[in-house]
Amino acid sequence: MRKAMNSTRPNKRALALAACLWLGIQAASHAAPLEIDRIVAVVNNAVITEFELRSRVERALRQIAERKTPAPPRKLLEKQLLERMITEKILMQIAEDTNIRFDGLVLDRAIARIAQSNNLSPEAFRKALEKDGVDFNAFREQIRAEMTISRLREREVDNRVVVTEAEIDNYLANPTQTASQQDEYRMAHILVLTPEGASPEKLSELRAKTEKALDELKAGADFAQVSAAYSDAQNALQGGVMGWRAEAQLPSLFAKALVNLKPGDVSPVLKSGNGFHILKLLEKRGKDVQLVVKQTRARHILIKTNEVVGDSEARNRLTQLRERVENGADFAELARLHSDDLSASKGGELGWLTPGDTVPEFERAMDGLKPGDVSSPVQSPFGWHLIQVEERRDQDVTEARKRLEARRAIRERKSEEAFEDWVRQARDRAYVEYRQEE
């Protein structure tokens with residue numbers, strides 16, 4: 001009976017806990033509401049949050065401010081950046097599904113190279129970023145994304161671009177193309193992408209958007225500001241600026257428009273299969289093509305290093321072989337017996353070499369030799385070399401250079417067009433749901 005009566009008696013710890021909970025509820029009812037991160041877009045099975053978008057916008061505004069460029073209206077910038085983030089998310093998903101990944105070590109090396117290019121150690125570079133208000137982890141992930149998309153482009157597009165000898169012949173047979181090799185252009189570009197199979201109404205809407213951007217430019221707006229606000233190009237936040245390009249490297253649509261522009265001029269709206277474009281010519285220059293170059297005929301013996309053969313052993317073996325050559329031994333015969341290179345069967349012969357054909361370490365050592373001389377052991381990324389220069393000549397490489405430049409120009413043009421088309425198709429295939437409040 002006493003036990004039953006005790007069970008109905010209030011428990012002091014329970015009362016205290018209830019009081020704390022009640023006080024907490026009362027306090028929470030009067031506190032400021034907590035901000036919850038919202039989803040602004042669903043991309044296939046992933047999401048983009050408002051925090052991610054806001055962070056990207058703030059980072060973009062800092063970049064724009066650093067270039068002393070007027071910032072576009074924030075709402076317009078948010079809209080453009082969200083589209084770029086959606087495209088980036090789609091490409092990263094494709095890369096993930098096809099096993100394109102970069103581990104931490106590779107990423108660390110890439111960031112170290114960026115730091116070195118800024119004359120900073122990796123730690124000093126990180127501190128400099130944080131001092132400028134840049135979150136280092138976000139920067140690191142952005143570098144990972146850029147590297148991943150670059151590898152994806154290389155695999156899905158660049159490696160599939162084929163340039164035939166017939167295309168080169170046709171290119172060189174066109175007087176307009178060969179003459180244009182003498183001119184190069186530096187321009188800025190605005191691109192408004194059009195979805196594949198877009199309706200006439202959608203095309204009209206996107207053309208109107210591009211015309212609006214052009215009207216702002218004609219009224220004196222800064223090109224970089226308009227690019228940030230309207231362009232779907234990957235370099236939109238960098239003002240849409242493209243490096244120097246030979247006219248032949250550009251799509252014919254661009255080349256025809258640029259011929260009639262003076263530096264500072266802006267093109268009318270141009271329509272291609274991928275979308276609408278606006279070009280601004282920044283600079284134009286004649287292209288100085290060197291047609292006569294000094295070539296070297298050389299041969300070498302290569303000793304590769306591995307778990308068994310270290311640097312010291314490779315260098316010692318080549319030093320002994322050099323002494324044998326100086327005492328009258330035949331270089332070609334020693335190469336056939338000792339070289340780890342495919343050229344061993346030919347006595348180490350590399351044929352006539354044009355500047356740029358070999359790695360810098362090899363070329364520097366070779367250039368320092370006179371015909372008949374044999375180098376000391378030289379290290380390169382391939383291993384250790386013994387180099388002998390046989391002869392030198394001044395060679396007119398006009399035709400070979402023309403074909404090489406034609407191949408490069410055709411490849412770059414086809415690659416750029418193919419990548420834009422591939423990205424657009426990937427975007428059209430993806431499931432995208434917008435949840436941003438107007």
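The values are calculated or read from the model by the stated rules, or taken from the named source; none is laboratory data. Note that the coordinates shown come from a computational prediction; the quantities given were computed from them, not determined experimentally. Neighbour counts are summed over all protein chains in view; Cβ atoms, including those assigned to glycine, are modelled from backbone coordinates with ideal geometry.
The table for this structure:
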| quantity | calculated |
| --- | --- |
| Near pairs, Cβ below 8 angstrom, 6+ apart or cross-chain, from region 254-273 (touching a residue at least 24 places away in the same chain (Cβ under 8 Å)) to any residue that is exposed (fewer than 14 other Cβ atoms within 10 Å of the Cβ) and in a loop (DSSP other than H, G, I, E, B) | none |
| Failed item in (1) closer than 29 Å to Asn44 by Cα; (2) among the aliphatic types (A, V, I, L, M); (3) in contact with a Lys or Arg (Cβ under 6 Å, 6 or more places away or on another chain); (4) not in a loop (DSSP other than H, G, I, E, B), with Ile100 passing the rest | (4) |
| Residues satisfying the stated conditions in region 178-199, i.e. in a helix (DSSP H, G or I) and surrounded by fewer than 15 Cβ atoms within 10 Å (Cβ to Cβ) | Ala179 |
| Hits in region 352-390 - residues which are within 35 Å of the chain's Cα centre (by Cα), surrounded by 18 or more Cβ atoms within 10 Å (Cβ to Cβ) and in a loop (DSSP other than H, G, I, E, B) | Thr358 |
| Residue, nearest to the chain's Cα centre (by Cα), within region 397-419, restricted to residues that are part of a helix (DSSP H, G or I) and of a type in the set (A, V, I, L, M, F, W, C) | Phe419 |
| Count - residues of region 45-87 that are in a loop (DSSP other than H, G, I, E, B) and surrounded by fewer than 16 Cβ atoms within 10 Å (Cβ to Cβ) | 5 |
| Positions within region 103-117 being part of a helix (DSSP H, G or I) and surrounded by fewer than 17 Cβ atoms within 10 Å (Cβ to Cβ), in sequence order | Gly104, Leu105, Val106, Leu107, Asp108, Arg109, Ala110, Ala112, Arg113, Ile114, Gln116, Ser117 |
| Scan of region 291-319 for residues that are among the β-branched types (Val, Ile, Thr) and either farther than 23 Å from Asp373 by Cα or within 35 Å of the chain's Cα centre (by Cα) (or both), ordered by number | Val292, Val293, Thr296, Ile303, Thr305, Val308, Val309 |
| Which listed residue is more than 30 Å from Ala213 (Cβ to Cβ) and either assigned by TED's automatic domain parsing to the domain that holds Asp232 or at pLDDT 90 or above (or both), from Asn99, Asn118, Asn45 | Asn45 |
| Selection within region 253-277 - polar (S, T, N, Q) and surrounded by fewer than 21 Cβ atoms within 10 Å (Cβ to Cβ) | Asn260, Ser272, Asn274 |
| Given (1) touching a strand residue (DSSP E or B) at 6+ places or on another chain (Cβ under 7 Å); (2) modelled with pLDDT of 85 or more, index of the condition Asp37 fails | (2) |
| Identity of the residue in region 245-294, touching a strand residue (DSSP E or B) at 6+ places or on another chain (Cβ under 8 Å) and among the acidic types (Asp, Glu), that ends up farthest from Gln395 (Cα to Cα) | Asp265 |
| Arg393 vs. criteria surrounded by fewer than 16 Cβ atoms within 10 Å (Cβ to Cβ), basic (Lys, Arg) and out of contact with any strand residue (DSSP E or B) (no Cβ under 6 Å at 6 or more places or on another chain) | no |
| Some residue of region 221-232 being outside any helix (DSSP H, G or I) and buried (at least 20 other Cβ atoms within 10 Å of the Cβ) | yes |
| Residue that is farthest from the chain's Cα centre (by Cα) [pool: residues in region 233-252 that are in a loop (DSSP other than H, G, I, E, B) and surrounded by 20 or more Cβ atoms within 10 Å (Cβ to Cβ)] | Leu250 |
| Among residues of region 423-438, those that are surrounded by fewer than 17 Cβ atoms within 10 Å (Cβ to Cβ), of a type outside the set (S, T, N, Q) and assigned to a helix (DSSP H, G or I), counted | 3 |
| Subset tally (residues that are farther than 21 Å from Ile86 by Cβ and of a type in the set (Asp, Glu)) for region 218-250 | 2 |
| Filter result (under 21 Å from Arg245 (Cα atoms) and at pLDDT below 90) within region 180-198 | Ser180, Gln181, Gln182, Asp183, Glu184, Tyr185, Arg186 |
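One line per residue, one yes/no per condition, for (1) basic (Lys, Arg); (2) closer than 18 Å to Glu412 by Cβ:
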site: Lys131; (1), (2): yes, no
site: Phe136; (1), (2): no, no
site: Phe139; (1), (2): no, no
site: Gln142; (1), (2): no, no
site: Thr148; (1), (2): no, no
site: Asp158; (1), (2): no, yes
site: Val161; (1), (2): no, yes
site: Glu167; (1), (2): no, yes
site: Tyr171; (1), (2): no, yes
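For (1) in contact with a helix residue (DSSP H, G or I) (Cβ under 7 Å, 6 or more places away or on another chain); (2) under 19 Å from Ala344 (Cβ atoms); (3) in contact (Cβ under 8 Å) with a residue 24 or more places away in the chain; (4) assigned to a loop (DSSP other than H, G, I, E, B), each residue gets a yes or a no:
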| position | (1), (2), (3), (4) |
| --- | --- |
| Lys280 | yes, no, yes, no |
| Gln295 | no, no, yes, no |
| Leu321 | yes, yes, yes, no |
| Gly328 | no, no, no, yes |
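Residue by residue, here is whether (1) surrounded by 13 or more Cβ atoms within 10 Å (Cβ to Cβ); (2) assigned by TED's automatic domain parsing to the domain that holds Ser231; (3) under 30 Å from Glu417 (Cβ atoms) holds:
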{"residue": "Pro122", "(1), (2), (3)": "yes, no, no"}
{"residue": "Lys131", "(1), (2), (3)": "no, no, no"}
{"residue": "Gln142", "(1), (2), (3)": "yes, no, yes"}
{"residue": "Glu201", "(1), (2), (3)": "no, yes, yes"}
